[in-house]
Structure formats: C-alpha cells, structure tokens
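Here's the structure, in structure tokens; my notes come after.
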Amino acid sequence: MKQSNLFKEALKHLPSGVNSPVRAFGAVGGTPVFMKRGRGAFVYDESGKRYLDFCLSWGPLIFGHAPAGLVKALQREVKNGTSFGAATKKETELAQLIKKAFPSIEKVRLVSSGTEAVMSAIRLARGVTGRKKILKIEGGYHGHVDSLLVRAGSGGATFGIPDSLGVPEELAKLTITVPFNHFEALHEIFRREGRRLAAFILEPVPANMGVVLPKPGYLKEVRSLTKKYGVLLIFDEVITGFRLAQGGAQERFSIEPDLTCLGKILGGGLPLAAFGGKSKWMDELVPEGKVYQAGTLSGNPLAARAAIWTLQKLIGSPPTPALERKSENFYGALKDRIRHFRWPVRLNALGSMFTIFFGTHPVDDFRSAQLCDTRLFAQFFHGALEKGIYLAPSQFEANFVSTAHTEQDLRRAVTVFERVLRKIF
Ligand SMILES: *Cc1c(COP(=O)(O)O)cnc(C)c1O
C-alpha cells in the first residue's frame, strides 16, 4: 500500500492518524512516512525506501536500530515471560547500573515512560517540600504531564499551543516559567517565588525547542539558587542522560541535582524510564513513605533486559568520545558549507545531538528559537527526506548521531544537505 493510503487508513482509526502528535508531520506538511524496520543507522519505510536516520526514535537509539546483541538478549528474555508484576532480580541489577552512571542517584524507581518519571518526580518534590509551585523554563518539554504543559517545547512548540485544553487553570497557575539562560529573570523569580517553589525542573541542555546550550555559569546559578531557597532541583535528563556523558549533563557540567529523570536511551528502545535521587527523598515514596506512585509494568522484565544490555555496553566501553569526534567532524563540514554559501542557517550542537535552525541570530532560549523560519525548515526536511535522510519532523526538535552512523554516512549527509540548501536559497 502507498504511504498516502496507509495514512488515509490510519486517519479512520487513530486521531490524526498517529499515536504521538509530531509523527503526523503537521509541522512540515505532507504525508507521514510509515516505517517498517530499522537496521543500524538506517530505517526502511513500508515501500522499502531506505533513510539515514537522524531522528532515531527521538533519542533512545544511541547504538542505532536493532543492534545484534540486544536482539539476542531480548529473544532469550522473552521466553521467560513478559511480565510478572512482582519483584525481579533484574530490577536491582539495573538500579545498580544506573547508580554507577549517576552518582547523584542513591535510589531509583523504574517506570515506563519519561512522562511518568517526570510526573512522579514532581509529586515527590511537592510531597517532601510541602510546597505547591513548580518552576520550569519556557520551551522546556517534560512529556505530557498536566502541570508541565505550560509554555512547553516539542509538540507544544511545534503546534503553537503552549497550553493544552483540559489542563485546569487552577493547576496551570501553580506552574511558573522563566526564560532559559537569563540570569536576571532567574534571580527575580527566586526572589519573588523561591520560598513557594517545590521544584525547579529543567532539561540541563534543552533539546525540545531544538538544541539550546546553557550559557557558561547558568546551571551553577540554578544550583546555587535552588539550594538557597530549599527548592528541589530536578534535572530532566530523559534526552541528555547517557548521551552527553555516561552520567548525562550533570556529569558533563559537574552539577548535582536533587532528582534526576531518565528515559529514552535508558530503555534501549523499549518503554522504560526512571527517576531517582538521594535516599532521603526517594524513601518518601510508598509503601515506606507517603507519596503515591505505582505501575503494573514498571521494571518490566523485557524492558529491563534492554536497559541492562544498553547500560552494560555504555559503561563497559563508553562510546561517547568516538561518537562525539565523529559528530564534530560532521558539524565542522556542515558549518564550512554554511559559511561558504552564506546560508541563513545556524547549527546548534552538543556532543551527538544537533539542530539546524533556520535563522542567523543566536538561538539560546525559546523566544529566539521561535523566531526561526519553520517554512524553510519544512522545505529542508522534505528535500532531505526525498533524498533518503530522515530528520526529526519539526524545527523544534533535536537530531541525533548514533554509533552506527559511519563517517561515510555523515559525509553523504553533508552532501545531501548542501544540495537541498542550494535549492532552497
Ligand atoms: C521525551 C521526553 C520526555 C517524555 O518522555 P516520554 O517517554 O515521551 O513520555 C520528558 N522529558 C524530556 C526532556 C524528553 O525529551
């Protein structure tokens, strides 16, 4: 069946034809591509067309699609059953691995999605501080948690609906936002609201308004203010965890948050996420404590197997240095062309994640990201797609390089991007 027919059929049964909004290509127009399989750095659609994949399931696939070792581990595991709803040894084993990578975590609870991790961390922060308000940054995305669908990035930024219908005003009022990277605004908000804040939650390197880098000293300022006002600092490292370093952005920038949310890479492409921190906070969770949190499939054995395989591989032979060298070469070549042709685009990148912004101004917060030309981005996206490169289908998303991308794949990507950009400009 043709892509357009697959989509037509899906539209009859799934709202907007999809199960997560950005997949519908609303931000770039056209018909979403239906994927059938993935292998290494490539995905293949239902018609058999091959794409070099920079979306990589939005971040989880640091080793690319279907690494042989993982496939084998899962095949062995599935024979033992897929869920028990009881304690298993694997969960402890996985917790140990997470703690090894993240020294700020003394205890960790496993959940099934990043949204769940964040939702639980927020509840825990409110529970232990007895405070109601939450601070987040403009354009920060933390899944579709009610309290955090306020000036959110990702799908929220893509569709220009920072607030969702169905989120009660009374609840939204408890969420305060501050622009990222603005020292003055940060101090001002803590002076005004510091004593009422349960938590400040942020992606230490925001990736859901596109990749935006923290200004030097910004995260340190965040840490010192949260400490001063007794506010729990929650690092949402669902994307950055295991990517920017084994121990995520907190390792890379030497900042210790109170709670950490993990997902994406952690689950190795299966539904698994986690939140953790000091025992004194984590022990407030039920049944020992009084903050409720639960999940039928939490720590699911198949997902836990994928996570253990992934972390063992990450910890056993850390891929980050080689992956980043490869990525830097790729960015360097791309920046060369951008300078040479004077295209009005800008590459924001850190480690193996990047965004090509359609604008020439520095993009360092939500407002500057929103000034970018999404129409040009859509042209770029479709140009690349046609030539067999699959990017995240929105201007306000991160793209990723995996260990499966070869230097040759990346050189080809630069050539394709050049061809597409020359046509646009
Ligand atoms: C993807 C993401 C989430 C939500 O995770 P899901 O598994 O999609 O629920 C939360 N925070 C950040 C930073 C993310 O990128």
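A few notes on this one:
- Condition check for Thr177: free of Cβ contacts under 8 Å to residues at least 40 places away in the same chain and either in contact with a Leu (Cβ under 6 Å, 6 or more places away or on another chain) or within 16 Å of the ligand (Cβ to nearest atom) (or both): no
- Qualifying residue in region 276-286 (condition: within 13 Å of the ligand (Cβ to nearest atom) and either more than 23 Å from Ser83 (Cβ to Cβ) or in contact with a strand residue (DSSP E or B) (Cβ under 6 Å, 6 or more places away or on another chain) (or both)): no
- Note on region 201-226: residues that are part of a loop (DSSP other than H, G, I, E, B) and open to solvent by 10 Å² or more (accessible area, probe 1.4 Å) total 5.
- Those residues of region 111-133 which are within 14 Å of the ligand (Cβ to nearest atom) and either crowded, with 24+ Cβ neighbours inside 10 Å or not assigned by TED's automatic domain parsing to the domain that holds Ser83 (or both), in sequence order: Val111, Gly114, Ala117, Val118, Ser120, Ala121, Ile122
- Qualifying residues in region 227-236 (those that are open to solvent by less than 20 Å² (accessible area, probe 1.4 Å) and touching a residue at least 40 places away in the same chain (Cβ under 8 Å)) - the one nearest to the ligand (Cβ to nearest atom): Asp236
- Filter result for Gly241 (over 13 Å from the mean Cα position of the chain (by Cα) and either within 16 Å of the ligand (Cβ to nearest atom) or at pLDDT below 95 (or both)): no
- Elements of type strands (runs of 3 or more DSSP E) contained in region 259-359, each with 3 or more residues being within 20 Å of Thr240 (Cα to Cα) and in the same structural domain as Phe396 (by TED's automatic domain parsing): 346-350, 353-357
- Residues that are farther than 30 Å from Leu350 by Cβ and surrounded by fewer than 15 Cβ atoms within 10 Å (Cβ to Cβ) within region 285-322 comprise Val286, Pro287, Glu288, Lys290, Tyr292, Ala294, Thr296, listed in sequence order.
The values are calculated or read from the model by the stated rules, or taken from the named source; none is laboratory data. Keep in mind that this is a model prediction, so the values were computed, not measured. Positions of Cβ are generated from backbone atoms using ideal geometry, with glycine treated the same way; all protein chains shown enter the neighbour counts. Remember, those area values only see protein heavy atoms, side chains included, never the ligands or the DNA or RNA. Shrake-Rupley method; radii C 1.70, N 1.55, O 1.52, S 1.80 Å.
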